[in-house]
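Single-structure report; data block below.
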Amino acid sequence: MKTQKYLLLIVLSVIFTMVLTACGTGNNDSQDNGNAASEDVKQELKILETAEIPTMDTVMATDAVAFNVMNQVYEGLYRLDENNKPVQGVAIDHVVSEDGTVYTFNLRDDATWSNGEKVTAHDFVFAWQRAVNPDTASEYGPYMMAGVVKNAAEIAEGNLAAEELGVKAVDDTTFEVTLERPVPYFDTLMTFPTFFPQNEAFVTEQGDKYALEVDQMIYNGPFVFSSWEHEVGWVMKKSEDYWDADAVTLETVDVRVVKDPATSVGLYDTNKVDMSGALSSEFVDKYRSHADFFSYGEPTVFWFKYNQTRNEALTEVNIRRAISMAIDKQGMADVILNNGSIPANYLVPADFVSHPETNEDFRAKNGDFNTYNVEQAKEYWNQGLEKLGTDSVTIEILGGDTETAVKMQEFIKNQLETNLPGLTIKLKNVPFKQRLDLDTNLDYDIQVAGWGPDYLDAMSFADLFVTDGPNNKMGYSNPEYDRLIEEARTTLADDPVARFEAMQEAERILLEEDAAIGPLYQRGTSQLLRPYVKNLYIHSFGPDYSFKWTTIEK
């Protein structure tokens, strides 16, 4: 699972004596009272997660839960700091060729794996080649590298050997990457887990068991796994082998899987955890004036994915358009979510990226699409039913099984069945990991899905829906959309204005012409955090959290 999108970096290093809201402003709300962690204070952070980790193999991960954990126990060339800027990781620095297509990274000599072996350029070569090798069946490898790293697309399609990827270990501490063309956001890509290194000897030795359990992994990040009880939780301990161990204060990060908001709040109120999970609507109202309450906006957008391969009704654009317009998104955001989320009628989030020339927000040109309008929705609905030759349709909606997700999906069901006569909605609420599998197999009608940016560029959203793209998974195809995205990736790479505007036009086609997805809301999050937790950084793209610099100061 996330931009100058908002430069929403909310650095939670402040004592929360008031409601802290950071969204859409690009401000850095980090504050630090300058106190060092007291030596007699137990440096243990206890937090919650809403789902089990689907995988700990960096080339196989596709979700926010996995990426968040990987950001703590592994490390790539760079990592994000409190200002969402790439800072030194395994790489000390890099140089770029004059034409912008060759990056040479100089690696530190003191980066080691938890088994004592050095992290070398060969580890990056192995991991990147493995990520695009079709035999690996990685989803994110081809998605993140195709059209970016030289030959990645051809390798992913099985037309070239993985060894032809544009990466090279010049020596143990020099890693060279050749790109297909200049990539404006390449430095931020290097903080993302798909690009992390892997130790070839260890991965090969583990075989199919690699990364399934604690003793089947080795680590090179600030923390290491000490235990992992599947579906229950996991514990991370400070790594004494980490090159920058002196900067890491926390000794333990204890994570418990809790899906129910009431249980989450109960654990916080009884001092069992230092940070609650996301608060559901009723608890936002209850704790809004609490000193530990904080709220922030995110560049994460949720929408309906309309699968056009399984249910005939969803092949009809007017049916999709009607469904998109028949839900009171403002009411859903204000009453059901009530956590700082706002209605979304768009793909690329508000306050994420700006026009390179005018500095206007991405949303300024297109505004909103398919806004809530029951009467117009009914007109489209009737037109769609007429084309289908029927007066009734049954559609299944796939969603999550958390309390908030279930409530939201029940609200959606009521809205759609009330506003669109002849529509019957069946709800299928399943655990996160199962939903990922159903998505991969296109085994759903409509899915409540969301996306947070992986890097700081509108392309992180715009290329999700190209024909047969790894994140499309709904049978959508529009040649003009594909052309615009391909041009934005390639021929317009050196023309930032034309590139930006091509992505804006692609969004218009996706939503105005095709109603290919049905945007619902742009997420906000409200939580509770102990005032003694300092420097817990929340990022606005890529992995959500960094615990490297977090301290407990009582």
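The values are calculated or read from the model by the stated rules, or taken from the named source; none is laboratory data. As the structure is a computational prediction, the values presented were derived from the model and not from experiment. Here the Cβ is made from the backbone with ideal geometry for all residues, glycine too, and neighbour counts use every protein chain on show.
Scanning the stretch 26-62 for residues that are polar (S, T, N, Q) and at pLDDT below 95 yields N27, N28, S30, Q31, N33, N35, S38, T50, T62. Taken over the stretch 47-62, the criterion of being β-branched (V, I, T) and over 15 Å from T525 (Cβ atoms) is satisfied by I53, T55, T58, V59, T62. Condition first: within 27 Å of N68 (Cβ to Cβ), under 18 Å from the mean Cα position of the chain (by Cα) and surrounded by 17 or more Cβ atoms within 10 Å (Cβ to Cβ). Can you find one or more residues in the stretch 474-489 that meet it? Within the stretch 474-489, not a single residue is within 27 Å of N68 (Cβ to Cβ), under 18 Å from the mean Cα position of the chain (by Cα) and surrounded by 17 or more Cβ atoms within 10 Å (Cβ to Cβ). Checked against (1) under 30 Å from Y372 (Cα atoms); (2) touching a Lys or Arg at 6+ places or on another chain (Cβ under 7 Å); (3) modelled with pLDDT of 95 or more, E501 passes all but a single condition, namely (2). Residues in the stretch 534-554 that are farther than 15 Å from K85 by Cα and out of contact with any Leu (no Cβ under 8 Å at 6 or more places or on another chain) were compared, and the one that is surrounded by the fewest Cβ atoms within 10 Å (Cβ to Cβ) is K554. Residues in the stretch 503-554 that are acidic (D, E) and under 16 Å from V301 (Cα atoms): E507, D544. Here is the figure for the stretch 407-450: residues that are more than 28 Å from S392 (Cα to Cα) and in a helix (DSSP H, G or I) total 6. Scan the stretch 297-307 and tell me whether some residue there is at pLDDT 95 or above and small (G, A, S). Among the residues of the stretch 297-307, not one is at pLDDT 95 or above and small (G, A, S), which makes the answer no.
Residue count for the stretch 509-524 under the criterion of being surrounded by 15 or more Cβ atoms within 10 Å (Cβ to Cβ), over 23 Å from the mean Cα position of the chain (by Cα) and in a helix (DSSP H, G or I): the result is 1. Touching a Leu at 6+ places or on another chain (Cβ under 8 Å) and charged (D, E, K, R): does that describe E163? No; evaluated as a whole, the condition is false for this residue. When W234 is tested against (1) within 23 Å of T550 (Cβ to Cβ); (2) of a type outside the set (A, V, I, L, M); (3) surrounded by fewer than 22 Cβ atoms within 10 Å (Cβ to Cβ), only condition (3) is not met. Counting just the residues of the stretch 451-471 that are modelled with pLDDT of 95 or more and assigned to a loop (DSSP other than H, G, I, E, B), which one comes out surrounded by the most Cβ atoms within 10 Å (Cβ to Cβ)? The qualifying residue surrounded by the most Cβ atoms within 10 Å (Cβ to Cβ) is A458.
On inspection, T491 fails the criterion of being at pLDDT below 95 and assigned to a strand (DSSP E or B).
Going by the structure shown, is T178 surrounded by 20 or more Cβ atoms within 10 Å (Cβ to Cβ) and among the β-branched types (V, I, T)? No: the conditions fail for T178.
Just so you know, in the stretch 401-422 the residues that are within 15 Å of E282 (Cα to Cα) and charged (D, E, K, R) include one that is surrounded by the fewest Cβ atoms within 10 Å (Cβ to Cβ), and it is E403.
Could you please find all residues in the stretch 384-400 being in a helix (DSSP H, G or I), buried (at least 17 other Cβ atoms within 10 Å of the Cβ) and hydrophobic (A, V, I, L, M, F, W, C)?
L385
Applying a threshold of 9 Å to beta carbon distances and a minimum spacing of six or more residues, or different chains, the list of pairs starting in the stretch 415-442 at a residue that is of a type in the set (F, W, Y) and ending at one that is assigned to a helix (DSSP H, G or I) reads F432/V65.
Identification of strands (runs of 3 or more DSSP E) wholly contained in the stretch 64-166 with 1 or more residues that are surrounded by fewer than 17 Cβ atoms within 10 Å (Cβ to Cβ), on the phi < 0 side of the Ramachandran plot and modelled with pLDDT of 95 or more yields 86-88, 91-96, 102-107.
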